[in-house]
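The values are calculated or read from the model by the stated rules, or taken from the named source; none is laboratory data. These numbers come from a predicted model, not from an experiment. In this analysis, Cβ positions are derived from the backbone assuming ideal geometry, glycine residues included, and neighbour counts consider all displayed protein chains. Calculation scope for accessible area: heavy atoms of the full protein, side chains included, ligands and nucleic acids excluded. Shrake-Rupley method; radii C 1.70, N 1.55, O 1.52, S 1.80 Å.
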Amino acid sequence: MTSSDRIPPATPAESGPADRAAGGAAFAAVTRSYYPAIIAIFAPLLLISNICATKGVAFGPIVGDWSIITDGGFFLFPLAYVLGDVLSEVYGFRATRRAIFLGFGVAALGALAFWVTSILPAADFYENQDAFDTVTQAYFQVLAASLAGYLVGQTLNAYVLVRIKEVTRERHLWARLIGSTVVGELADTLVFCLIAAGAIGLSGAGDMTTYVVLGFVYKTAVEVLLMPVTYRVIAALKAREPSYAVPPRVDG
């Protein structure tokens, strides 16, 4: 385990010495790491973006009959990769992989909740069962596609970033961010599109190609545009995480 994967020391528990001496209530200690807070944002992104992705979206026609075709989660899902980059850069591959699995678990829990809700008997006054079933059935197909793409893309994104960092150390952060995003987003978009095409209404090779190419270009462009913000977040976390330590540079 690397230094970036270690959990920092915990802060004192809420109960003070007097409370403990008097047999007061006991509390667990809260760690000083920002990792749980990032996880709290990172994990639900997959669930929320999957629900949004059940709607196919088209902008156009722009040139002739050509339109930009994507899904409703296009504006949200790239943020998961930005946070994935932050986790990989600051906390390492193992900690990021743990976050990816937690995100997977949240999405799976959401799928279970939607399935149970869909099979529960509808009340007499509830008139939207067919609409609810239409959305949830599309969600299950989108979920399967998204989870497959998410696991492949996010894992490759974290792996590539960490491997580049092992060579560049603290230098050339831009190369790590862009290089990992290109690999991760391409794999994610391709896997997702191949599985979810029917659920979001894609038909024909033209629509598929447009979706993959534009999805990949868009997500990579978002990463580049948000890079100044990503730089600041990473720098702030590195400065504030007690366990983050830069290894000494060995010359020669």
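Set side by side, the residues Ala123, Ala25, Ala37, Ala18 differ, and just one is at pLDDT 80 or above and either closer than 22 Å to Gly184 by Cα or in a helix (DSSP H, G or I) (or both), which is Ala37.
Can you find a residue in the stretch 63-70 that is in a loop (DSSP other than H, G, I, E, B) and touching a residue at least 12 places away in the same chain (Cβ under 8 Å)? No - not one qualifying residue is present in the stretch 63-70.
Of all residues in the stretch 151-172, those satisfying the criterion of being under 23 Å from Val217 (Cβ atoms), at pLDDT 90 or above and touching an Asp or Glu at 6+ places or on another chain (Cβ under 9 Å) are Leu156, Ala158, Leu161. Among the residues of the stretch 117-143, those that are loosely packed, with under 10 Cβ neighbours inside 10 Å and among the acidic types (Asp, Glu) comprise Asp124, Glu127, Asp130. Scanning the stretch 208-232 for residues that are β-branched (Val, Ile, Thr), farther than 12 Å from Phe74 by Cβ and open to solvent by 60 Å² or more (accessible area, probe 1.4 Å) yields Thr209, Val213, Val224, Val229. Whenever a residue of the stretch 90-111 is at positive phi, its partners that are modelled with pLDDT of 90 or more and crowded, with 19+ Cβ neighbours inside 10 Å, lying with C-beta atoms within less than 7 angstrom and at least six residues away or across chains, give the pairs Gly92/Val162.
For the stretch 42-56, taking the residues that are in a helix (DSSP H, G or I) and open to solvent by 50 Å² or more (accessible area, probe 1.4 Å), the one that is farthest from Val224 (Cα to Cα) is identified as Ile51.
Residue check: is Tyr81 buried (at least 18 other Cβ atoms within 10 Å of the Cβ), at pLDDT 70 or above and within 30 Å of Lys238 (Cβ to Cβ)?
yes
When Phe59, Phe114 are screened for being modelled with pLDDT of 80 or more, more than 20 Å from Val162 (Cβ to Cβ), part of a strand (DSSP E or B) and open to solvent by 50 Å² or more (accessible area, probe 1.4 Å), only Phe59 passes. Would you confirm whether or not the stretch 173-180 contains a residue that is under 18 Å from Leu79 (Cα atoms), in a helix (DSSP H, G or I) and touching a Cys at 6+ places or on another chain (Cβ under 9 Å)? For the stretch 173-180, residues under 18 Å from Leu79 (Cα atoms), in a helix (DSSP H, G or I) and touching a Cys at 6+ places or on another chain (Cβ under 9 Å): absent.
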